[in-house]
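Heads up, the thing below is written out as structure tokens.
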There are 2 protein chains.
Amino acid sequence: MTTGHLEHQIRSRLAAGGVRFTDGRRRVVAALAEADGPRSAAELHAALGTSIPLSSLYRSLSVMADAGALAHHHGSKGVTRYELAEWLTGHHHHLVCVDCGTVDDIELSEDLETTLQNVVKRVAKSAGFAADGHTLEIDGLCTDCQ
Amino acid sequence: MTTGHLEHQIRSRLAAGGVRFTDGRRRVVAALAEADGPRSAAELHAALGTSIPLSSLYRSLSVMADAGALAHHHGSKGVTRYELAEWLTGHHHHLVCVDCGTVDDIELSEDLETTLQNVVKRVAKSAGFAADGHTLEIDGLCTDCQ
DNA sequence: TTCCTTGCAAACGATTTGCATTGGA
DNA sequence: TCCAATGCAAATCGTTTGCAAGGAA
């Protein structure tokens with residue numbers, strides 16, 4: 001079990017904030033790295049064989065998000081799902097199933113992404129809004145729920 | 001107090017689903033029509049002078065959303081905000097404040113919107129996803145929270 | 001008369017927090 | 001040694017639901 005590049009990046013980022021990268025957190029990160037989209041605390045709890053109590057999971061997710069290692073997404077039924085921050089995974093967008101709530105990551109072509117960024121910049125500026133990110137959310141039914 | 005075009009449209013839509021457009025619901029719709037973005041049950045409760053109990057508010061919002069008159073948006077801290085459906089207000093996107101959670105509506109230029117729609121269609125199809133809507137969410141700090 | 005809506009109170013479920021204990025650097 | 005992390009139980013908080021009374025068609 002070698003310490004990969006991803007773990008190294010996260011460890012440094014967390015350390016900068018006085019946050020420890022414990023074994024449990026390493027396993028949470030691994031689960032998120034394997035996922036193809038954001039995951040909720042409950043989903044991670046199950047994925048990790050319930051080995052980490054929900055309260056610890058919630059605390060670790062929130063701490064790692066505060067440190068900038070994770071990003072969160074708010075879905076239906078008040079469920080928050082976490083994923084690795086974009087500086088770790090690259091910029092992407094979301095396919096959100098309105099039925100089961102699952103979220104899948106997608107990437108846009110480089111040219112549309114550029115166009116999008118220009119528009120975001122322009123629109124935000126004209127609204128006096130300090131934009132720091134954007135996501136195109138596509139709502140609909142995933143293959144399982146159709 | 002005349003019955004405007006908007007109320008007429010909503011009344012018909014609700015009626016089609018066996019849903020009544022009561023006085024309380026009319027006031028909720030009026031509050032949403034005046035807002036410049038989605039509003040939570042708590043925000044509406046306050047805006048209406050707490051005259052409508054939260055439970056009734058939640059029930060009305062959910063019933064009207066099911067009937068297709070309202071749409072919902074999921075924001076930080078697990079708060080759901082409602083707004084008039086797009087067939088009533090026109091298609092738009094969101095400026096989401098990561099600090100206070102407020103959401104403001106914005107419209108894109110027609111050409112970018114068209115481009116966006118094409119990409120959504122293409123991306124969804126290739127993922128086997130049945131898309132029925134999309135929103136560009138711009139996260140950042142609103143003028144108040146900067 | 002039939003069915004929808006309303007209010008209140010109780011129930012829920014996701015998430016948070018207090019506190020004592022354990023563990024890492 | 002010192003401060004952060006962990007676990008459990010209790011507490012929060014947004015939202016939902018059961019039920020009896022009120023209202024519209």
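The values are calculated or read from the model by the stated rules, or taken from the named source; none is laboratory data. Please read all numbers here as calculations on a predicted model, not as lab measurements. With ideal geometry, Cβ positions are generated from the backbone for all residues, glycine too; neighbour counts draw on all protein chains shown. These accessible areas exclude ligands, DNA and RNA; they are computed on the full protein's heavy atoms, side chains included. Shrake-Rupley method; radii C 1.70, N 1.55, O 1.52, S 1.80 Å.
Among the residues of the range B:76-95, those identified as more than 12 Å from the chain's Cα centre (by Cα) and either part of a loop (DSSP other than H, G, I, E, B) or away from DNA strand D (no atom under 15 Å from the Cβ) (or both) are B:V79, B:L95. Scanning the range A:70-86 for residues that are within 8 Å of DNA strand C (Cβ to nearest atom) and among the charged types (D, E, K, R), we see that the one that is modelled with the highest pLDDT is A:R81. Here A:T135, A:T102, A:T143 are screened, and the one residue that is at pLDDT 90 or above, more than 15 Å from B:S109 (Cβ to Cβ) and more than 7 Å from chain B (Cβ to nearest Cβ) is A:T102.
Condition check for B:E107 on (1) open to solvent by 20 Å² or more (accessible area, probe 1.4 Å); (2) within 16 Å of DNA strand C (Cβ to nearest atom); (3) within 14 Å of another protein chain (Cβ to nearest Cβ): one failure, at (2). Of the residues making up the range A:96-146, those that are among the hydroxyl-bearing types (S, T, Y) and part of a loop (DSSP other than H, G, I, E, B) are A:T102, A:S109, A:T143. Within the range B:111-127, restricting attention to residues that are open to solvent by 30 Å² or more (accessible area, probe 1.4 Å) and either farther than 23 Å from A:F129 by Cβ or within 21 Å of the chain's Cα centre (by Cα) (or both), the residue that is nearest to the other protein chains (Cβ to nearest Cβ) is B:A127.
Across the range B:1-45, what is the total count of residues that are open to solvent by less than 30 Å² (accessible area, probe 1.4 Å), within 14 Å of chain A (Cβ to nearest Cβ), out of contact with any His (no Cβ under 6 Å at 6 or more places or on another chain) and within 14 Å of DNA strand D (Cβ to nearest atom)? Within the range B:1-45, residues that are open to solvent by less than 30 Å² (accessible area, probe 1.4 Å), within 14 Å of chain A (Cβ to nearest Cβ), out of contact with any His (no Cβ under 6 Å at 6 or more places or on another chain) and within 14 Å of DNA strand D (Cβ to nearest atom) number 2. Here B:S56 meets each of (1) assigned by TED's automatic domain parsing to the domain that holds B:E34; (2) at positive phi; (3) over 11 Å from the mean Cα position of the chain (by Cα) with one exception, condition (2).
State all residues of the range B:25-43 that are free of Cβ contacts under 8 Å to residues at least 24 places away in the same chain and either more than 10 Å from DNA strand C (Cβ to nearest atom) or part of a loop (DSSP other than H, G, I, E, B) (or both); if no residue qualifies, say none. Across the range B:25-43, the qualifying residues are B:A30, B:A31, B:E34. Among the residues of the range A:14-27, is any over 10 Å from the mean Cα position of the chain (by Cα) and among the acidic types (D, E)? Scanning the range A:14-27 turns up at least one residue that is over 10 Å from the mean Cα position of the chain (by Cα) and among the acidic types (D, E). Among the residues of the range A:46-69, those identified as surrounded by 16 or more Cβ atoms within 10 Å (Cβ to Cβ), away from chain B (no Cβ under 14 Å) and either more than 9 Å from DNA strand C (Cβ to nearest atom) or assigned to a strand (DSSP E or B) (or both) are A:A47, A:I52, A:S60, A:V63, A:M64, A:A67, A:A69. Inspection of the range B:81-94 identifies at least one residue that is hydroxyl-bearing (S, T, Y) and either within 13 Å of chain A (Cβ to nearest Cβ) or surrounded by 16 or more Cβ atoms within 10 Å (Cβ to Cβ) (or both).
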